[in-house]
1. Assess whether Glu267 counts as being surrounded by fewer than 23 Cβ atoms within 10 Å (Cβ to Cβ), among the acidic types (Asp, Glu) and under 26 Å from Pro5 (Cα atoms).
2. Quick test of your reading of the structure: Ser61 fulfils all but one of (1) more than 15 Å from Glu293 (Cα to Cα); (2) part of a helix (DSSP H, G or I). Name the failing condition by number.
3. Can you tell which of Ser290, Ser294, Ser217 is over 20 Å from the mean Cα position of the chain (by Cα) and among the hydroxyl-bearing types (Ser, Thr, Tyr)?
4. Counting just the residues of the range 221-252 that are over 23 Å from the mean Cα position of the chain (by Cα) and of a type in the set (Lys, Arg), which one comes out nearest to Gln307 (Cα to Cα)?
5. Could you please tell me which pairs satisfy a Cβ distance under 7 Å, a separation of 6+ or placement on different chains, a first residue in the range 19-35 that is touching a residue at least 40 places away in the same chain (Cβ under 8 Å) and acidic (Asp, Glu), and a second residue that is outside any loop (DSSP other than H, G, I, E, B) and buried (at least 18 other Cβ atoms within 10 Å of the Cβ)?
6. Does Leu310 satisfy being more than 15 Å from Glu195 (Cβ to Cβ), of a type in the set (A, V, I, L, M) and surrounded by fewer than 20 Cβ atoms within 10 Å (Cβ to Cβ)?
7. Residues that are part of a loop (DSSP other than H, G, I, E, B), among the acidic types (Asp, Glu), out of contact with any helix residue (DSSP H, G or I) (no Cβ under 6 Å at 6 or more places or on another chain) and surrounded by fewer than 16 Cβ atoms within 10 Å (Cβ to Cβ): does the range 248-261 have at least one?
8. Quick one: which of Gly90, Gly43, Gly96, Gly24 is on the phi > 0 side of the Ramachandran plot, out of contact with any Pro (no Cβ under 9 Å at 6 or more places or on another chain) and surrounded by 23 or more Cβ atoms within 10 Å (Cβ to Cβ)?
Amino acid sequence: MELRPLGRTGLKIAPLVFGGNVFGWTADEKTSFALLSRFFEAGFNTVDTADVYSSWAPGNSGGESEVIIGKWLKSGAVARDKAIVVTKVGSDLGEGRKGLSQKWIMQAVEDSLKRLQTDYIDLYLSHWPDASVPYEETLAAHTKLKEQGKVRAVGGSNLDATQLQASLDAATANGLQRYDVLQPEYNLYDRGGFEGPLAELCQREDIGVITYFSLASGFLTGKYRTPADTQGKARGEDAGKYLDAKGQRILAALDTVSAETGAKPAEIALAWLMAKPTVTAPIASATSLSQLESLIKSASLSLTPDQIALLDKAGA
């Protein structure tokens with residue numbers, strides 16, 4: 001499998017990243033271990049998590065996903081230098097533990113390293129913009145962590161073009177480590193936030209892009225086609241918001257390409273992202289080995305220009 005350079009980080013990643021938001025939520029520890037092992041066995045090398053995953057599940061407080069990944073790494077299922085671990089800082093963990101101040105980042109990274117049972121994080125991302133902290137302060141913390149060898153590369157998530165440009169300007173003006181990677185929400189349905197000025201900025205500045213909600217909360221798997229399909233499902237409520245005219249157009253286009261290729265809608269939706277020149281790799285998660293096998297197939301699916309044009313038009 002061909003690895004792709006992740007912007008200027010020096011890291012090379014496979015064309016699909018495993019989303020660790022399900023660990024400790026819809027995938028228990030045993031299932032998570034099996035999923036990770038199969039994913040890496042198939043030639044992929046990157047897993048994405050955050051300190052806040054999966055605090056939303058009943059009985060959780062955050063950090064559960066990192067703990068599971070840490071135990072899996074410690075089990076020796078894969079050599080540490082063969083795994084690229086992405087985690088994030090900044091989400092609200094309660095009791096004032098949130099944001100992008102230097103003080104909190106320096107504490108949060110130690111907590112993440114401990115949970116991950118590792119000496120370094122391959123890619124550390126600022127999870128959300130924090131208007132209360134100047135970019136210089138946040139980037140100074142990231143610079144320090146990189147100098148200490150605790151992180152190999154840094155980036156930002158959920159920044160718009162204006163915010164990303166401001167962070168780059170602050171890095172240049174102060175001689176600090178810049179954000180070399182962006183993690184935006186981007187999929188066949190949600191395109192407006194990334195396409196245009198933000199995508200152009202990433203391409204111009206050689207910023208690696210790993211997309212989240214790549215399957216639109218499961219909507220692009222094709223399993224949610226009516227409001228009834230969303231009832232009682234862990235992500236059904238999130239997927240339900242896509243059941244409008246645009247969503248139905250996208251499903252119809254996915255069905256057409258599926259009939260032509262024999263591939264499942266989720267595989268096609270991911271292959272569409274992988275074909276975008278501005279995208280390094282999409283993030284997708286699975287909660288069963290059968291789901292995972294389908295995701296794995298997406299990396300070897302080549303869409304024709306006509307198929308890409310059809311999908312582009314449906315989700316425009």
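The values are calculated or read from the model by the stated rules, or taken from the named source; none is laboratory data. The shown structure was predicted, so the numbers you read here are calculated from the model rather than taken from an experiment. Note that each Cβ is placed from the backbone with ideal geometry, even for glycine, and that neighbours are counted across all protein chains shown.
1. On the way: surrounded by fewer than 23 Cβ atoms within 10 Å (Cβ to Cβ): no; among the acidic types (Asp, Glu): yes; under 26 Å from Pro5 (Cα atoms): yes.
Considered against the rule, which asks whether it is surrounded by fewer than 23 Cβ atoms within 10 Å (Cβ to Cβ), among the acidic types (Asp, Glu) and under 26 Å from Pro5 (Cα atoms), Glu267 comes out as no.
2. (2)
3. Values: Ser294 fails: over 20 Å from the mean Cα position of the chain (by Cα); Ser217 fails: over 20 Å from the mean Cα position of the chain (by Cα).
From the options Ser290, Ser294, Ser217, the qualifying one is Ser290.
4. Arg249
5. Glu29/Ile68
6. Details: more than 15 Å from Glu195 (Cβ to Cβ): yes; of a type in the set (A, V, I, L, M): yes; surrounded by fewer than 20 Cβ atoms within 10 Å (Cβ to Cβ): yes.
Yes; evaluated as a whole, the condition is true for this residue.
7. Checked the range 248-261: no residue is part of a loop (DSSP other than H, G, I, E, B), among the acidic types (Asp, Glu), out of contact with any helix residue (DSSP H, G or I) (no Cβ under 6 Å at 6 or more places or on another chain) and surrounded by fewer than 16 Cβ atoms within 10 Å (Cβ to Cβ).
8. On the way: Gly90 fails: out of contact with any Pro (no Cβ under 9 Å at 6 or more places or on another chain); Gly43 fails: surrounded by 23 or more Cβ atoms within 10 Å (Cβ to Cβ); Gly96 fails: surrounded by 23 or more Cβ atoms within 10 Å (Cβ to Cβ).
Every option except Gly24 fails the conditions.
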